[in-house]
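These notes concern the structure reproduced below.
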Amino acid sequence: MRIEQVKKIAVIGSGTMGSQIAMVCALGGYSVVLNDISDESLVKAKQSLQGHMNRRIKKGRLTEKQVHDAFSNLTFSASLDELTDVDFVIEAIVEKLEVKRDLFKKLDEITPKHAILATNSSTIVSSKIADVTKRPEKVCNVHFFNPALVMELVEVVRGPHTSEETAQTAVEFVKRIQKTPVLLKKEISGFIANRILGKLMDEAVYLLENGYADHEEIDLVCTKALNHPIGPFALMDLTGIDVTYFVRMQRYQESGNEADMPASIIQEKVRNGELGRKTGKGFYTYDESKVKA
Ligand SMILES: NC(=O)c1ccc[n+]([C@@H]2O[C@H](COP(=O)([O-])OP(=O)(O)OC[C@H]3O[C@@H](n4cnc5c(N)ncnc54)[C@H](O)[C@@H]3O)[C@@H](O)[C@H]2O)c1
(Lines give C-alpha, C1' and ligand atoms only; values in the text may rest on other atoms or scores of the structure.)
Protein backbone atom coordinates (compact mmCIF):
# COMPACT_ATOMS: atom_id res chain seq x y z
CA MET A 1 0.00 0.00 0.00
CA ARG A 2 1.26 3.46 -0.87
CA ILE A 3 1.45 6.28 1.69
CA GLU A 4 -1.29 8.30 -0.09
CA GLN A 5 -3.76 5.53 0.74
CA VAL A 6 -3.06 5.69 4.49
CA LYS A 7 -5.90 7.64 6.10
CA LYS A 8 -6.87 5.88 9.30
CA ILE A 9 -4.49 4.54 11.95
CA ALA A 10 -5.19 2.10 14.77
CA VAL A 11 -2.94 2.02 17.82
CA ILE A 12 -3.51 -1.06 19.98
CA GLY A 13 -2.56 -0.69 23.64
CA SER A 14 -3.12 2.63 25.39
CA GLY A 15 -0.32 2.43 27.96
CA THR A 16 2.90 4.43 28.19
CA MET A 17 3.70 4.11 24.49
CA GLY A 18 0.40 3.56 22.70
CA SER A 19 -1.32 6.63 24.17
CA GLN A 20 1.44 9.00 23.02
CA ILE A 21 1.92 7.28 19.64
CA ALA A 22 -1.80 7.75 19.01
CA MET A 23 -1.53 11.46 19.85
CA VAL A 24 1.53 11.88 17.60
CA CYS A 25 -0.49 10.39 14.72
CA ALA A 26 -3.53 12.55 15.54
CA LEU A 27 -1.35 15.69 15.67
CA GLY A 28 0.00 14.59 12.27
CA GLY A 29 -3.54 14.92 10.91
CA TYR A 30 -4.45 11.23 10.76
CA SER A 31 -7.72 9.81 11.95
CA VAL A 32 -6.77 7.52 14.84
CA VAL A 33 -8.47 4.89 16.94
CA LEU A 34 -6.71 4.06 20.21
CA ASN A 35 -7.76 0.60 21.32
CA ASP A 36 -7.24 -1.27 24.60
CA ILE A 37 -8.81 -4.27 26.32
CA SER A 38 -8.88 -2.19 29.50
CA ASP A 39 -11.41 0.66 29.79
CA GLU A 40 -9.45 1.93 32.77
CA SER A 41 -6.29 2.23 30.68
CA LEU A 42 -8.21 4.17 27.99
CA VAL A 43 -9.55 6.61 30.60
CA LYS A 44 -6.06 7.06 32.04
CA ALA A 45 -4.63 7.57 28.54
CA LYS A 46 -7.15 10.31 27.77
CA GLN A 47 -6.45 12.12 31.05
CA SER A 48 -2.71 11.85 30.62
CA LEU A 49 -2.85 13.16 27.03
CA GLN A 50 -5.04 16.07 28.12
CA GLY A 51 -2.40 16.97 30.73
CA HIS A 52 0.42 16.76 28.17
CA MET A 53 -1.47 18.86 25.64
CA ASN A 54 -2.46 21.51 28.22
CA ARG A 55 1.19 21.89 29.21
CA ARG A 56 2.18 22.30 25.55
CA ILE A 57 -0.47 24.98 25.04
CA LYS A 58 0.77 26.82 28.15
CA LYS A 59 4.35 26.71 26.89
CA GLY A 60 3.24 27.99 23.47
CA ARG A 61 4.39 24.83 21.67
CA LEU A 62 0.92 24.03 20.36
CA THR A 63 -2.14 26.19 19.79
CA GLU A 64 -5.54 25.42 21.30
CA LYS A 65 -6.81 24.77 17.76
CA GLN A 66 -4.06 22.22 17.03
CA VAL A 67 -4.90 20.36 20.23
CA HIS A 68 -8.63 20.57 19.60
CA ASP A 69 -8.17 19.24 16.05
CA ALA A 70 -5.93 16.42 17.27
CA PHE A 71 -8.49 15.30 19.88
CA SER A 72 -11.22 15.42 17.21
CA ASN A 73 -9.09 13.01 15.15
CA LEU A 74 -8.75 10.62 18.07
CA THR A 75 -11.24 7.94 19.20
CA PHE A 76 -10.77 5.87 22.35
CA SER A 77 -12.26 2.40 22.07
CA ALA A 78 -12.25 -1.00 23.75
CA SER A 79 -13.97 -2.64 20.78
CA LEU A 80 -12.14 -4.35 17.94
CA ASP A 81 -15.12 -3.51 15.67
CA GLU A 82 -13.62 -0.04 15.19
CA LEU A 83 -10.74 -1.62 13.25
CA THR A 84 -12.59 -2.73 10.13
CA ASP A 85 -11.60 0.33 8.08
CA VAL A 86 -8.05 1.11 9.24
CA ASP A 87 -5.07 1.33 6.88
CA PHE A 88 -2.14 1.14 9.29
CA VAL A 89 -2.00 -0.59 12.68
CA ILE A 90 0.64 0.06 15.34
CA GLU A 91 0.55 -2.56 18.08
CA ALA A 92 1.84 -1.36 21.48
CA ILE A 93 0.58 -3.99 23.93
CA VAL A 94 2.48 -5.94 26.59
CA GLU A 95 5.93 -7.26 25.56
CA LYS A 96 4.92 -10.95 25.49
CA LEU A 97 5.33 -12.82 22.24
CA GLU A 98 2.34 -15.15 22.61
CA VAL A 99 -0.02 -12.26 23.45
CA LYS A 100 1.22 -10.31 20.44
CA ARG A 101 0.83 -13.37 18.17
CA ASP A 102 -2.78 -13.83 19.35
CA LEU A 103 -3.50 -10.19 18.66
CA PHE A 104 -1.96 -10.21 15.16
CA LYS A 105 -4.04 -13.26 14.29
CA LYS A 106 -7.17 -11.33 15.28
CA LEU A 107 -5.97 -8.18 13.50
CA ASP A 108 -5.41 -10.18 10.32
CA GLU A 109 -9.03 -11.34 10.45
CA ILE A 110 -10.56 -7.97 11.34
CA THR A 111 -8.60 -5.30 9.44
CA PRO A 112 -8.87 -4.71 5.67
CA LYS A 113 -6.56 -6.88 3.55
CA HIS A 114 -4.48 -3.86 2.47
CA ALA A 115 -3.66 -2.68 6.01
CA ILE A 116 -0.06 -2.65 7.25
CA LEU A 117 0.37 -4.34 10.64
CA ALA A 118 3.33 -2.93 12.57
CA THR A 119 4.62 -3.75 16.03
CA ASN A 120 6.17 -1.20 18.40
CA SER A 121 7.92 -4.00 20.33
CA SER A 122 11.20 -2.91 21.95
CA THR A 123 12.92 -6.09 20.93
CA ILE A 124 10.80 -8.73 19.16
CA VAL A 125 11.48 -8.94 15.41
CA SER A 126 8.35 -9.06 13.28
CA SER A 127 9.21 -12.46 11.71
CA LYS A 128 8.27 -13.98 15.09
CA ILE A 129 4.76 -12.59 14.57
CA ALA A 130 4.17 -12.28 10.81
CA ASP A 131 3.58 -16.01 10.27
CA VAL A 132 0.25 -15.92 12.14
CA THR A 133 -1.11 -13.60 9.42
CA LYS A 134 -2.01 -14.18 5.78
CA ARG A 135 -0.16 -10.98 4.86
CA PRO A 136 3.42 -11.35 6.12
CA GLU A 137 4.60 -8.93 3.41
CA LYS A 138 2.62 -6.19 5.23
CA VAL A 139 4.11 -6.85 8.69
CA CYS A 140 7.10 -4.91 10.04
CA ASN A 141 8.50 -3.21 13.15
CA VAL A 142 7.87 0.50 13.68
CA HIS A 143 9.64 1.26 16.94
CA PHE A 144 9.04 4.55 18.77
CA PHE A 145 11.03 5.75 21.78
CA ASN A 146 9.74 6.85 25.16
CA PRO A 147 8.25 9.45 25.52
CA ALA A 148 6.86 9.14 22.01
CA LEU A 149 5.49 12.70 22.03
CA VAL A 150 9.04 14.01 22.48
CA MET A 151 11.51 11.52 21.01
CA GLU A 152 12.23 12.22 17.39
CA LEU A 153 13.62 8.96 16.10
CA VAL A 154 11.65 5.91 14.98
CA GLU A 155 13.30 2.63 13.90
CA VAL A 156 11.57 0.86 11.01
CA VAL A 157 12.73 -2.74 10.67
CA ARG A 158 12.31 -4.75 7.52
CA GLY A 159 12.02 -8.50 8.11
CA PRO A 160 12.75 -11.08 5.39
CA HIS A 161 8.98 -11.36 4.85
CA THR A 162 8.37 -7.55 4.64
CA SER A 163 7.87 -6.14 1.12
CA GLU A 164 9.88 -3.17 -0.10
CA GLU A 165 6.58 -1.28 -0.54
CA THR A 166 5.57 -1.87 3.10
CA ALA A 167 9.00 -0.75 4.37
CA GLN A 168 8.91 2.39 2.23
CA THR A 169 5.32 3.23 3.24
CA ALA A 170 6.25 2.83 6.91
CA VAL A 171 9.29 5.10 6.46
CA GLU A 172 7.16 7.69 4.66
CA PHE A 173 4.48 7.46 7.35
CA VAL A 174 7.06 8.18 10.05
CA LYS A 175 8.16 11.30 8.15
CA ARG A 176 4.54 12.46 7.82
CA ILE A 177 4.06 12.39 11.59
CA GLN A 178 7.12 14.65 11.94
CA LYS A 179 9.53 11.97 13.18
CA THR A 180 12.89 10.85 11.79
CA PRO A 181 12.93 7.28 10.49
CA VAL A 182 15.92 4.93 10.34
CA LEU A 183 15.30 1.81 8.26
CA LEU A 184 17.11 -1.36 9.34
CA LYS A 185 17.72 -3.31 6.15
CA LYS A 186 17.48 -6.64 7.96
CA GLU A 187 16.04 -7.59 11.31
CA ILE A 188 17.93 -8.15 14.55
CA SER A 189 16.37 -8.50 18.00
CA GLY A 190 16.54 -5.20 19.94
CA PHE A 191 17.33 -3.20 16.76
CA ILE A 192 19.99 -0.49 17.06
CA ALA A 193 19.32 1.82 20.03
CA ASN A 194 18.26 -0.85 22.53
CA ARG A 195 21.16 -3.13 21.65
CA ILE A 196 23.59 -0.33 22.44
CA LEU A 197 21.60 0.76 25.50
CA GLY A 198 21.36 -2.85 26.76
CA LYS A 199 25.13 -3.05 27.12
CA LEU A 200 25.12 0.17 29.15
CA MET A 201 22.27 -1.03 31.42
CA ASP A 202 23.99 -4.38 32.04
CA GLU A 203 27.16 -2.65 33.16
CA ALA A 204 25.24 -0.18 35.37
CA VAL A 205 23.35 -3.03 37.09
CA TYR A 206 26.62 -5.00 37.51
CA LEU A 207 28.25 -2.03 39.25
CA LEU A 208 25.21 -1.56 41.51
CA GLU A 209 24.75 -5.23 42.42
CA ASN A 210 28.42 -5.61 43.23
CA GLY A 211 28.42 -2.59 45.51
CA TYR A 212 30.74 -0.28 43.55
CA ALA A 213 28.32 2.67 43.77
CA ASP A 214 24.61 3.27 44.34
CA HIS A 215 22.11 3.94 41.55
CA GLU A 216 22.17 7.73 42.05
CA GLU A 217 25.95 7.85 41.78
CA ILE A 218 26.01 5.70 38.66
CA ASP A 219 23.33 7.92 37.06
CA LEU A 220 25.38 10.97 38.03
CA VAL A 221 28.48 9.62 36.28
CA CYS A 222 26.47 8.95 33.11
CA THR A 223 24.90 12.41 33.08
CA LYS A 224 27.90 14.48 34.21
CA ALA A 225 30.87 12.53 32.83
CA LEU A 226 29.36 10.98 29.70
CA ASN A 227 26.91 13.82 29.07
CA HIS A 228 23.95 11.44 28.72
CA PRO A 229 20.65 13.33 29.15
CA ILE A 230 19.44 10.71 31.67
CA GLY A 231 21.16 8.00 33.76
CA PRO A 232 20.42 4.28 33.20
CA PHE A 233 18.43 3.83 36.44
CA ALA A 234 16.31 6.94 35.91
CA LEU A 235 15.74 5.68 32.36
CA MET A 236 14.63 2.23 33.54
CA ASP A 237 12.16 3.98 35.88
CA LEU A 238 10.88 6.00 32.93
CA THR A 239 10.48 3.08 30.54
CA GLY A 240 9.11 0.71 33.21
CA ILE A 241 11.28 -1.87 34.99
CA ASP A 242 8.82 -4.55 33.85
CA VAL A 243 9.72 -3.68 30.24
CA THR A 244 13.42 -4.34 31.00
CA TYR A 245 12.35 -7.56 32.73
CA PHE A 246 10.25 -8.83 29.80
CA VAL A 247 12.97 -7.92 27.28
CA ARG A 248 15.48 -10.06 29.19
CA MET A 249 13.00 -12.92 29.72
CA GLN A 250 12.31 -12.90 26.00
CA ARG A 251 16.04 -13.05 25.25
CA TYR A 252 16.48 -15.86 27.81
CA GLN A 253 13.60 -17.85 26.28
CA GLU A 254 15.24 -17.47 22.87
CA SER A 255 18.79 -18.37 23.95
CA GLY A 256 18.23 -20.67 26.95
CA ASN A 257 21.34 -18.99 28.39
CA GLU A 258 21.03 -18.22 32.14
CA ALA A 259 23.26 -15.16 31.64
CA ASP A 260 20.43 -13.58 29.62
CA MET A 261 17.99 -13.75 32.58
CA PRO A 262 17.00 -10.40 34.13
CA ALA A 263 19.43 -9.34 36.91
CA SER A 264 18.33 -10.20 40.47
CA ILE A 265 17.61 -6.57 41.32
CA ILE A 266 15.31 -6.27 38.29
CA GLN A 267 13.50 -9.49 39.26
CA GLU A 268 13.10 -8.21 42.82
CA LYS A 269 11.68 -4.85 41.69
CA VAL A 270 9.13 -6.60 39.44
CA ARG A 271 8.14 -9.01 42.26
CA ASN A 272 7.58 -6.01 44.55
CA GLY A 273 5.54 -4.12 41.93
CA GLU A 274 8.15 -1.35 41.93
CA LEU A 275 8.03 -0.71 38.19
CA GLY A 276 9.23 2.91 38.07
CA ARG A 277 7.34 6.14 37.51
CA LYS A 278 4.10 4.41 36.59
CA THR A 279 3.82 2.79 40.05
CA GLY A 280 5.36 5.72 41.97
CA LYS A 281 8.47 3.72 42.92
CA GLY A 282 11.29 2.03 41.07
CA PHE A 283 14.93 2.81 41.74
CA TYR A 284 13.70 6.28 42.73
CA THR A 285 10.44 7.36 44.41
CA TYR A 286 7.97 9.65 42.61
CA ASP A 287 5.20 11.93 43.78
CA GLU A 288 1.71 12.00 42.25
CA SER A 289 2.76 14.17 39.32
CA LYS A 290 5.51 11.63 38.58
CA VAL A 291 8.29 13.98 39.66
CA LYS A 292 11.17 12.48 41.68
CA ALA A 293 10.32 12.82 45.38
N1 LIG B 1 7.87 1.63 27.74
C2 LIG B 1 8.83 1.95 26.87
O3 LIG B 1 9.75 2.75 27.15
C4 LIG B 1 8.79 1.38 25.48
C5 LIG B 1 9.55 2.00 24.46
C6 LIG B 1 9.46 1.50 23.14
C7 LIG B 1 8.68 0.39 22.89
N8 LIG B 1 7.97 -0.21 23.90
C9 LIG B 1 7.14 -1.36 23.56
O10 LIG B 1 5.80 -0.89 23.45
C11 LIG B 1 4.89 -1.93 23.87
C12 LIG B 1 4.00 -1.38 24.97
O13 LIG B 1 4.80 -0.95 26.05
P14 LIG B 1 4.22 0.04 27.16
O15 LIG B 1 5.38 0.42 28.01
O16 LIG B 1 3.37 1.09 26.51
O17 LIG B 1 3.27 -0.97 27.97
P18 LIG B 1 2.11 -0.62 29.05
O19 LIG B 1 2.11 -1.75 30.00
O20 LIG B 1 2.26 0.77 29.56
O21 LIG B 1 0.76 -0.66 28.16
C22 LIG B 1 0.31 -1.82 27.53
C23 LIG B 1 -1.19 -1.65 27.29
O24 LIG B 1 -1.62 -2.72 26.43
C25 LIG B 1 -2.90 -3.14 26.88
N26 LIG B 1 -3.14 -4.48 26.35
C27 LIG B 1 -2.61 -5.65 26.77
N28 LIG B 1 -3.05 -6.66 25.99
C29 LIG B 1 -3.89 -6.11 25.06
C30 LIG B 1 -4.65 -6.63 23.96
N31 LIG B 1 -4.64 -7.92 23.67
N32 LIG B 1 -5.40 -5.76 23.22
C33 LIG B 1 -5.40 -4.43 23.51
N34 LIG B 1 -4.70 -3.89 24.53
C35 LIG B 1 -3.95 -4.73 25.29
C36 LIG B 1 -2.84 -3.03 28.39
O37 LIG B 1 -4.15 -2.94 28.94
C38 LIG B 1 -2.03 -1.74 28.56
O39 LIG B 1 -2.88 -0.61 28.63
C40 LIG B 1 5.77 -3.11 24.29
O41 LIG B 1 5.88 -3.99 23.20
C42 LIG B 1 7.11 -2.47 24.59
O43 LIG B 1 8.18 -3.37 24.37
C44 LIG B 1 8.01 0.27 25.19
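Here are a few things to note about the model shown:
- Being among the polar types (S, T, N, Q), under 22 Å from V150 (Cα atoms) and out of contact with any helix residue (DSSP H, G or I) (no Cβ under 7 Å at 6 or more places or on another chain) holds for only one residue in T244, T223, and it is T223.
- Matching residues, the range 213-250, being in contact with a Gly (Cβ under 9 Å, 6 or more places away or on another chain) and part of a loop (DSSP other than H, G, I, E, B): G240
- 3 or more residues more than 10 Å from the ligand (Cβ to nearest atom), of a type in the set (A, V, I, L, M, F, W, C) and closer than 29 Å to V67 by Cβ: qualifying helices (runs of 4 or more DSSP H) within the range 92-183: 164-176
- Only one of the numbered conditions (1) assigned to a helix (DSSP H, G or I); (2) closer than 14 Å to T123 by Cβ is violated by K278, and that is (2).
- The residues of the range 167-222 that are under 22 Å from L153 (Cβ atoms), among the aliphatic types (A, V, I, L, M), free of Cβ contacts under 8 Å to residues at least 24 places away in the same chain and surrounded by fewer than 15 Cβ atoms within 10 Å (Cβ to Cβ) amount to a single one, I196.
- Checking D237, D260, D219, D202 one by one, the residue that is of a type in the set (D, E) and in contact with a strand residue (DSSP E or B) (Cβ under 9 Å, 6 or more places away or on another chain) is D237 and no other.
- Scanning the range 225-246 for any residue that is charged (D, E, K, R), more than 12 Å from the ligand (Cβ to nearest atom) and not assigned by TED's automatic domain parsing to the domain that holds K100 turns up nothing.
The values are calculated or read from the model by the stated rules, or taken from the named source; none is laboratory data. It should be emphasised that the depicted structure is a prediction, and the values quoted were computed from it without experimental measurement. A quick note on method: Cβ atoms are made from the backbone with ideal geometry, for glycine too, and the neighbour counts reach across all protein chains shown.
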